[in-house]
Structure formats: C-alpha cells, structure tokens
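The structure appears below as structure tokens.
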Amino acid sequence: MVIAMMLIGAVTRLTESGLSMVEWRPLIGALPPLSESEWQRVFALYKDTSEYQLANAGMSLAQFKEIFWWEYIHRVWGRLIGLVFAVPFLWFLVRKQIPKGLTPHLVALFLLGGLQGVIGWWMVKSGFVDRTDVSQYRLAIHLIMAFAILGYMLWIALAILAPVQGPKANVLARRIGWTTLAIVFVTLGSGGLVAGLDAGLVYNEWPTMGDGFVPVEFAELEPFWLNLFDNPGTVQFDHRTLAYITAVAVIVLWFAARRGPASAQARRATNWVVIVVLLQIGLGIATVLGAVPIALAVTHQAGAIALFCVTVWATAALVAPRGPAQSGL
C-alpha cells in the first residue's frame, strides 16, 4: 500500500493535480463532491489559486475533475493506509500478541505516517501563493519521508519474516552497505528536486547536456549553493551524477559481499541490487530522452522504489539482524 501510495503520488505530480484540492479536511474529507453544487464550490476554491490564474485560466469543470480525482485518490489512500495499519495493530496490542520490542517501532511508524500527512499538506500549501507548483524543497522532503517510512517498514518486516541465517559480514562490508544505502537515499531525494523543478525537461539528451557534459548554466545563481536546489539544469546534472555514483557504490557493495564472511541472503540481495540499478539507470536515460512521458516517468519512480528496497534488503542481510523477539530489532 505504501508503494502504491508513492506511485499514485508520482502520477499526481506528473499530471499537475496536486493543487486541485484547496481544503484539508482530515476527518470529513473522505467523501468527494456528491452534487453539482458541491463540485462548483470546490472548483470555485481552485479558481482562487495562483495555479488556476497563472496556468489554467479558462479550465472547464470537466477538466478540473480530471486533476481533482488523482489528488483525491492520493489523500484517501493515505487515510486508508492509516486505518489498515491501526486496526490490526490495536487488535494485536490488546491481545498481547506483539513480540517483545516491536511495539515502539510500530507506534513510531504510525506517528511517522501521520506526520507524512501533515508534511503533504504543508507541501501543497506552498503552491497556493504566487506560483503554479509546490516548493521543490517541500516536495523533496515529502518524498524522502515516504522512502524513510518504506525503509523502516521493510527493515522490520525482514527481521520478522526473514531473519538472516549465517555469518555476519565483516565491518568493512557492513560499512559499505550503510554507505551505499545512504547514497541511494540521497539520489532519491535529488529526484524529488528534479520533479519539483520540472528539471527533467531542461535537457532531453544523453550523455551530454547541451554542448558538453556540464550545463552552461551550472553556476549562474549566487550564492553558488542555490544552484544545487534552485537551478533546474544543475539539479538535473546533480541527479545524473549521483546516479553514476550510486552505480559505482553498488558494484563495490557486490564485491564486498563476496570478500570474507557473508550470508547467502546478502549475496543474493546484492545480486538484485546490481540488476535493479542497471535497469533504473536505463529507465532514467529513457525518461530524459523521451521528455518525461508520464508512463515512463512513473515506471522510473517504481524503479527507484525497487532499488531502495533491494538496497535495504542487502544492508539488512549484511548487518544480519535477528528476529524481533531476540534483539528488539
């Protein structure tokens, strides 16, 4: 469900649907407009936004409904995740069937899910004033939090369902695992900046960017650090560079899992990390060359999720966590 939520969010962003719902009603917002008058009311609220006035002036009600439904599904799916998580959690908690040491992690996950909803609204609010898109900073934070929740959930699931059998890897291999996971995480976060700035549309060629490998506008903003976050050409360059660094880190990880002691799970997981990173780079190149078509861009997002998950799996296998009853995760 979390993975589906992230893909729905990708479609919502790519179809520029995220600002269609002006109201945030966490408790009573589960129902869509059910009458013509209610549709007219929510459409009138949208007409007051800068996105409508600057980019979508003259949009019909039928066109508005097309973007409204993606944002509506995105929000309702988030509420449904909370319900699906909370009900069985409370059931097992009351019946004292949760293994020792696991309850604090489940409470933390539930709170992080609620915080993610608040971050989502904070992100949407940034697009209501004098702009047609949400803040790329807030979008990146929203995406990073989604990956953090997914990684936390997966780590717990692996400890419960697939505790590692075999030797723990040596210190160097474990450090390389954590470092690779951190690099993947940063690369994914930079993808949020790319999405927020529509930076994927700036250079639709590969491996060059214009007349060379570095965009001509690389350092045009002052102070320089603003280019890393506000300059679309530089942000796309950074994302490409981080992708290459990720590929190198993954190859190093693969070799590290084969030098010295390591479980069969760790070696199998690192095989998958290599396969997925190569596929993901290919998807990224195709997305850029195609000028970010929605279907391909969503597939690229799915590839990012897959890469993150297999990297978490590989890192967990190298660290060799025991089951929650023995180690408290």
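We did not get these values from a lab; they are worked out from the coordinates using the rules stated. Bear in mind that the values here come from a model prediction, so they are computed numbers and not experimental data. Cβ coordinates were reconstructed from backbone atoms using ideal geometry, including for glycine residues, and neighbour counts include every protein chain displayed.
Segment residue 111..residue 319, full-extension length gain: 72.3 nm, with 0.36 nm per residue of separation and the alpha-carbon distance subtracted.
Each peptide in 61-67, 12-18, 155-161 gets a packing score, the mean of other Cβ atoms within 10 Å over its residues, and the list from highest to lowest is 12-18, 155-161, 61-67.
The residues packed around residue 197, meaning those with a beta-carbon under 15 Å from its beta-carbon, carry a net charge of -3 if Lys and Arg are +1 and Asp and Glu are -1.
Placing a pseudo-label 7 Å from each Cα along the Cα-to-Cβ vector at residue 245 and residue 285 gives an inter-label distance of 2.1 nm. Across the chain, the relative contact order, built from alpha-carbon pairs under 8 Å that are at least six residues apart, equals 22 percent. Simple spin-label estimate for residue 54 and residue 226 gives 1.6 nm between the two label positions (7 Å along the Cα-to-Cβ direction from each Cα).
As an equivalent ellipsoid, the chain spans semi-axes of 36, 29, 14 angstrom, where each value is the square root of five times an eigenvalue of the C-alpha gyration tensor, largest first. When you filter the trypsin sites (Lys or Arg not before Pro) in the stretch 92-126 for DSSP loop state and at most 15 other Cβ atoms inside 10 Å of their Cβ, you are left with 95, 96, 100. Annotation: the residues 70, 24, sorted from fewest to most other C-beta atoms within 10 Å of their own C-beta, follow the order 24, 70. Modelled this way, with points 7 Å down the Cα-to-C-beta line, the labels at residue 175 and residue 271 are 2.9 nm from one another. Using R0 = 22 Å, the C-beta based FRET efficiency linking residue 204 and residue 137 works out to 0.35.
Rounded to the nearest 0.05, what FRET efficiency is calculated for residue 96 and residue 264 with R0 set to 45 Å and r the Cβ-Cβ distance?
E between residue 96 and residue 264, to the nearest 0.05, is 0.85.
Residue order for 93, 150, fewest other beta carbons within 10 angstrom first, comes to 93, 150.
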